[in-house]
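Just below is one structure, and these are the notes that go with it.
The values are calculated or read from the model by the stated rules, or taken from the named source; none is laboratory data. Not measured: the values here are computed from a predicted model. Here Cβ is always computed from backbone atoms with ideal geometry, including for glycine, and neighbour counts include all displayed protein chains.
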């Protein structure tokens, strides 16, 4: 039997000291309250310094040089890949493909897997709570190949309707794609259960981990997912790099994505032979400093423990939901606190999300206003846009108090 | 902020003077800003000399976009179409009496975009009829 994971509580004061940006003010005397973590997270000093060190001390290209600098860069770059594999429980570094972001990972899949495995009339099953990144690449593919997209509906409580999921699996989709955690509702979906059902129906499973990997323990082998996509910049790492995890045998069957250097074994004027995974999906000089930064971001998260990260955010979101519901006119979308990650999207009676966000900004509070790249979710709940506050390891309940106080000011103005 | 949300803006947002639709109208045009979910429609009636006799707006949006639409359509009553074509960003900001960053500027200018698209569109139809 596996031992229960030990969840130590995290020391937010210590953590905050590691993030230089959290010390700043947005205007004189107004400290920053950063609650836009679902859009992008802040970066600890260790990540910034690791990227700096690469440029200051061993900047060079990877994989091709014989000289000292290139050796050092290659080692650091590949060490990051191995760290990522370990972090998500993958069995090999060869299952970790570097992309620009989660969006590119989905595009890679649609382009490479989709075009070779799907033909006219095949079905893809997605959900209504997907980010546009896990909808639009499949829509583009559907238009090209005439494959059919189905969507699992969202129930009134903000969770996926699993009854309908089973029904739609009955149509025999070749691919099932769903998010592990909604970036609007915060809903955490039962990945293992959904994956098992999809496999029983003969489908390949791709999971959007952009909101889950940064915030909770994720294990691709335990959950048996076939593909997992996520982005570095939402998990303390830099922008410009993301990850596609894929099971080794599935990656082996897929043709390359982009053509160029690094993805080939040899090139002649009459043609080329393809490199092995993951390199066959990584044409051209990669984002080296960014990969190194992501590796260090993972070290940081690991030092806290993902169980503890999850526990802190559960505490934050429980408190935030409680307090938000106190404010007259505020309606929070999505499930109860215990079923969600650290995201609270809400509407405000009489005030447009842009106006809400603008007023909050005057108090130094950074939130996101709009549809958060998930228009279908908003359509499902009949709202045009929401204001979203999202939490991470460095947020405190007193920051939630500041949010609530500022919302009362919104109410004074607009209520 | 208390600058941005001047009383006039909040007031126009909550109780716009010029909200409505005209049926029949000489001109009606609608556009949206899907990123924010803002949507503005403007209806006009003009006299024989292309002078605006009635102007109203409908739709939904944030305080800045609604207030600017309300102030804008109110300001064009009595103006002819050529004058409307000459309206610029600065005129909207002057009506609102505030300064805006690039993001919120889009909200403020949606109604001007709608108005101008419509006026130019109407003219091109007239050209066709000549």
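For this structure, a couple of remarks:
Residue by residue, here is whether (1) over 30 Å from residue A:410 (Cα atoms); (2) away from every other protein chain (no Cβ under 14 Å); (3) surrounded by fewer than 20 Cβ atoms within 10 Å (Cβ to Cβ) holds:
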site	(1), (2), (3)
B:58	no, yes, yes
B:67	no, no, no
B:70	no, yes, no
B:99	no, no, yes
B:107	no, no, no
B:110	no, no, no
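- Checking region A:391-401 against the condition returns no match, with no residue being facing chain B (nearest Cβ under 9 Å), touching a helix residue (DSSP H, G or I) at 6+ places or on another chain (Cβ under 8 Å) and over 17 Å from residue A:19 (Cβ atoms).
- Condition met for residue B:90 (at pLDDT below 95, more than 14 Å from chain A (Cβ to nearest Cβ) and not in a strand (DSSP E or B)): yes
- If the condition is being in contact with a helix residue (DSSP H, G or I) (Cβ under 7 Å, 6 or more places away or on another chain), within 16 Å of residue B:27 (Cα to Cα) and part of a loop (DSSP other than H, G, I, E, B), then region B:37-87 contributes only B:50.
- Options B:41, B:12, B:19: the member that is more than 10 Å from chain A (Cβ to nearest Cβ), out of contact with any strand residue (DSSP E or B) (no Cβ under 9 Å at 6 or more places or on another chain), surrounded by 14 or more Cβ atoms within 10 Å (Cβ to Cβ) and more than 16 Å from residue B:79 (Cβ to Cβ): B:12
- Unmet criterion (only one of (1) surrounded by fewer than 17 Cβ atoms within 10 Å (Cβ to Cβ); (2) assigned to a loop (DSSP other than H, G, I, E, B); (3) modelled with pLDDT of 95 or more) for residue A:66: (3)
Conditions tested, residue by residue: (1) at pLDDT 95 or above; (2) assigned to a loop (DSSP other than H, G, I, E, B).
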site: A:372; (1), (2): no, yes
site: A:376; (1), (2): no, no
site: A:389; (1), (2): yes, no
site: A:398; (1), (2): yes, no
site: A:402; (1), (2): yes, no
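- Residue that is nearest to the other protein chains (Cβ to nearest Cβ) [pool: residues in region A:378-387 that are surrounded by 20 or more Cβ atoms within 10 Å (Cβ to Cβ) and either on the phi > 0 side of the Ramachandran plot or in a loop (DSSP other than H, G, I, E, B) (or both)]: A:384
- Answer from A:278, A:286 - the residue that is under 26 Å from the mean Cα position of the chain (by Cα) and within 23 Å of residue A:49 (Cβ to Cβ): A:286
- Count - residues of region A:327-355 that are more than 9 Å from chain B (Cβ to nearest Cβ), touching a helix residue (DSSP H, G or I) at 6+ places or on another chain (Cβ under 7 Å) and either farther than 13 Å from residue A:390 by Cβ or in a loop (DSSP other than H, G, I, E, B) (or both): 8
Rundown of residues vs (1) assigned by TED's automatic domain parsing to the domain that holds residue A:309; (2) under 15 Å from residue A:290 (Cβ atoms); (3) modelled with pLDDT of 95 or more; (4) surrounded by fewer than 16 Cβ atoms within 10 Å (Cβ to Cβ), yes/no style:
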| position | (1), (2), (3), (4) |
| --- | --- |
| A:7 | no, no, no, yes |
| A:19 | yes, no, yes, no |
| A:55 | no, yes, yes, yes |
| A:83 | no, yes, yes, no |
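- In region A:21-30, the residues that are touching a helix residue (DSSP H, G or I) at 6+ places or on another chain (Cβ under 9 Å) and either surrounded by fewer than 16 Cβ atoms within 10 Å (Cβ to Cβ) or not in a strand (DSSP E or B) (or both): A:22, A:23, A:27, A:30
- Number of the exception - residue B:3 against (1) within 13 Å of chain A (Cβ to nearest Cβ); (2) modelled with pLDDT of 95 or more: (2)
- So residue B:33, is it touching a helix residue (DSSP H, G or I) at 6+ places or on another chain (Cβ under 9 Å), modelled with pLDDT under 95, within 13 Å of chain A (Cβ to nearest Cβ) and surrounded by 15 or more Cβ atoms within 10 Å (Cβ to Cβ): yes
- Of all the residues in region A:357-377, those that are at the interface with chain B (Cβ under 9 Å from one of its Cβ atoms) and farther than 24 Å from residue A:12 by Cα number 7.
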